[in-house]
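Report on one structure; see the data block that follows.
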Amino acid sequence: MALSKEVWILAEHREGELEDIALELASAGQRIASKLGGGLCAVIFSEQAADMADSLASHNAGKIYAINDSTLRGYATEAYTEALCGLIEGEKPDILLCGATPFGSDIASGLAARLETGLISECVSLDVNDDGLLLGTKPVYNDRLQAKIVCSSAKPHIATVSPGVSEIKSPRTGNRAEVITVTPKPVSAGRQARVTGTAKADLKMIRLDQAEVIVAGGRGIGGPEGFGTLEKLAELLGGCVGASLVACDNGWVSEDKHIGQTGVIVSPRLYMAVGISGSIYHTMGMKDSRVIVAVNRDRNAPIFRLADMGIVGDWQDTVDEIIGHLDEAEESA
Ligand SMILES: Cc1cc2nc3c(=O)[nH]c(=O)nc-3n(C[C@H](O)[C@H](O)[C@H](O)COP(=O)(O)OP(=O)(O)OC[C@H]3O[C@@H](n4cnc5c(N)ncnc54)[C@H](O)[C@@H]3O)c2cc1C
């Protein structure tokens, strides 16, 4: 099969605004494309792709496939997979990178199955080997080992990349991309699922993976009321609240705040772990945070081994004190 040596990225957006993961994939994809001596292309499902084209071009996408069809307004696995599958079969890219997000993971696995090709999921870094095959590194065995996986199957090689692990390169002004509008074939009959409506979520509360500051609480918070105090601190710091699995399981906060191996993986600039012991399951989801501050009354809590700064004491006293200082600073500003 003749291959275009193109690296494609699936560019996610929210209501016409590119998600960070799209630009992270562009940076990672450009590096791989340069190694292969090929180009970087972005695929975007949107009727407003032109608005996002300049940003993708400034992050080195030379070509943008805009899949534009009114029937694809609401996400449905089958319809999106079918549309992207058709485009891939026509253009035959070498590699496709998707975010290891709910959207990217869903579509990547569906594509790999349809195209009978390999998928390396949740990579933390990417490379190509001497044979030009995609090489993905991902943590395994509770993060104790890093596995390097090579995609030696049919192309395109597909990988999902965890959010927050690839640095977004500075944009280059003056780059232009060719925007190709793609109208997918009419949908095949007998689809199992269709979107009947959408509900707006509270983005501030849910988009933990994009928060720059997270104040996370655990069992030590003792109940739902304590999370109100953490909410106040998070608000003053311009961030949002997260939680350990225990706090979610206890019903103190909603399930979407669950951070860890089986929850959301985050890497904010500041992570405050309040009343959280630091089990491996939890730390796997936040260990890449730039600065970690732990508050715990047990000086031997494992979280202190990971923390850049530790406060041994009762969380309520500590957090009240911090809030007091921040309130004062805000009043005098
Ligand atoms: C398969 C599997 C997957 C899992 N996935 C996840 C996951 O994704 N995310 C996750 O979080 N967990 C996960 N867990 C659960 C995990 O093993 C731990 O049980 C959990 O993370 C512990 O939560 P915690 O730190 O809130 O509670 P605890 O371990 O009970 O720690 C509470 C901490 O609060 C401190 N404390 C108590 N009172 C105060 C106070 N007044 N002031 C200050 N500190 C105080 C205590 O000293 C203690 O260190 C998973 C478990 C399994 C088996």
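The values are calculated or read from the model by the stated rules, or taken from the named source; none is laboratory data. Predicted model, so just to flag it, every value in this text is computed and none were measured. All Cβ positions, glycine included, derive from the backbone under ideal geometry; neighbour counts span all protein chains shown. Note: areas computed on protein heavy atoms with side chains; ligands, DNA, RNA excluded. Shrake-Rupley method; radii C 1.70, N 1.55, O 1.52, S 1.80 Å.
Please report Rg (one decimal) and Dmax (integer) in Å for the Cα set of segment 105-172.
Computed over the Cα atoms of segment 105-172, radius of gyration and Dmax are 12.9, 39 Å.
Counting only other residues whose beta carbon sits under 11 Å from that of A66, what net charge do I get with K and R as +1, D and E as -1? Write down the numbers at each step before the final one.
Values: positive: K63; negative: E47, D51, D69, E178.
Net of charged neighbours comes to -3.
With a cap of 14 neighbouring Cβ atoms within 10 Å, and only residues DSSP puts in a loop, list the GluC sites (Glu not before Pro) found in segment 86-175.
Here the sparse-neighbourhood loop sites are E116, E167.
Roughly how compact is the chain, stated as its Cα Rg over 2.2 N^0.38 Å to two decimals? Don't skip to the answer; put the middle values down first.
On the way: Rg = 21.7 Å, N = 333, 2.2 N^0.38 = 20.0 Å.
Normalised Rg, Cα atoms only: 1.09.
Report, in deg cm²/dmol and to the nearest 500, the calculated mean residue ellipticity at 222 nm for the chain, where each DSSP H run with n ≥ 4 adds -39500 (n - 2.57) and the sum is divided by the residue count.
Rounded to the nearest 500, it is -9500 deg cm²/dmol.
Please report the net charge: other residues with Cβ closer than 13 Å to the Cβ of P102, K and R +1, D and E -1. The partial results should precede the final answer.
On the way: positive: R14, R207; negative: E12, E19, D106, E122, D209, D256.
Charge balance in the 13 Å sphere: -4.
When Rg is the radius of gyration of the Cα atoms in segment 1-134 and Rh is its Kirkwood radius, what does Rg/Rh come to?
My calculation of the ratio gives 0.93.
So how many Lys-Lys pairs in the chain land under 15 Å Cα to Cα, not counting same-chain pairs under 8 apart?
So the count works out to 10.
Picking from K232, K155, K185, which is most flexible by a Gaussian network model of the chain using Cα springs under 10 Å?
Most flexible of the set in this elastic network: K185.
Just to check I understand the Karplus step: with θ = phi - 60° and J = 6.51 cos²θ - 1.76 cosθ + 1.60, what whole-Hz values come out for segment 73-90, glycine and proline as x?
5, x, 5, 9, 3, 4, 5, 5, 5, 4, 5, 6, 4, x, 5, 5, 5, x
Tally the DSSP beta bridges in segment 1-145 and give the antiparallel ones as a percent, rounded to 5.
Numbers: 7 of 20 bridges.
In segment 1-145, DSSP labels about 35 percent of beta bridges as antiparallel.
So what's the net charge close to V43: Lys and Arg +1, Asp and Glu -1, counting the other residues with Cβ under 12 Å from its Cβ?
Details: positive: K63; negative: E6, E12, E91.
For residues surrounding V43, the net value is -2.
Cα gyration tensor of segment 139-181, axes a ≥ b ≥ c as square roots of the eigenvalues: rounded (a/c below 1.5), prolate (a/b > b/c) or oblate?
Values: a/c = 3.71, a/b = 1.62, b/c = 2.30.
Oblate shape, in that a/c is at least 1.5 and b/c is the bigger or equal ratio.
Once both axes come from the Cα atoms, what is the angle between helix 224-236 and the longest principal axis of the chain, in degrees from 0 to 90, rounded to 10?
70
Pull out a ≥ b ≥ c, the square roots of the eigenvalues of the alpha-carbon gyration tensor of segment 46-102, then state rounded if a/c is under 1.5, prolate if not and a/b is larger than b/c, and oblate in the remaining case.
Numbers: a/c = 1.56, a/b = 1.21, b/c = 1.30.
Since a/c reaches 1.5 but b/c is at least a/b, the shape of segment 46-102 is classed as oblate.
For the chain, modelled as a Gaussian network with Cα springs under 10 Å, which listed residue fluctuates most, A57, A22, A147?
Fluctuation is largest for A147.
Can you give the % of DSSP beta bridges in the chain that are antiparallel, to the nearest 5?
Working: 12 of 58 bridges.
So the antiparallel bridges in the chain amount to around 20 percent.
What shape does segment 234-319 take by its C-alpha gyration tensor, where a ≥ b ≥ c are the square roots of the eigenvalues and a/c under 1.5 counts as rounded, a/b above b/c as prolate, and the rest as oblate? All intermediate terms of the calculation are to be shown ahead of the outcome.
Details: a/c = 1.25, a/b = 1.23, b/c = 1.02.
Verdict is rounded for segment 234-319.
Taking 0.36 nm per residue of separation and subtracting the Cα-Cα distance, what length does fully extending M309 through K5 add?
Working: separation 304, 0.36 × 304 = 109.44 nm, distance 4.65 nm.
Between M309 and K5, full extension yields an extra 104.8 nm.
Just the accessible area per residue of the chain, please: how many Å² with a 1.4 Å probe? Walk me through the numbers on the way to the answer.
Working: 16510 Å² over 333 residues.
Here the residues of the chain average 50 Å² of exposed surface.
Please check: in the Gaussian network model of the chain (C-alpha springs, under 10 Å), which one of I322, I67, I95 has the largest mean-square fluctuation.
I322
Could you derive backbone 3J(HN,Hα) for segment 317-333 from the dihedral phi with the Karplus parameters 6.51, -1.76 and 1.60 (θ = phi - 60°), listing whole Hz in sequence and x where the residue is Gly or Pro?
4, 5, 5, 4, 5, 5, 4, x, 5, 5, 4, 4, 4, 5, 5, 7, 6
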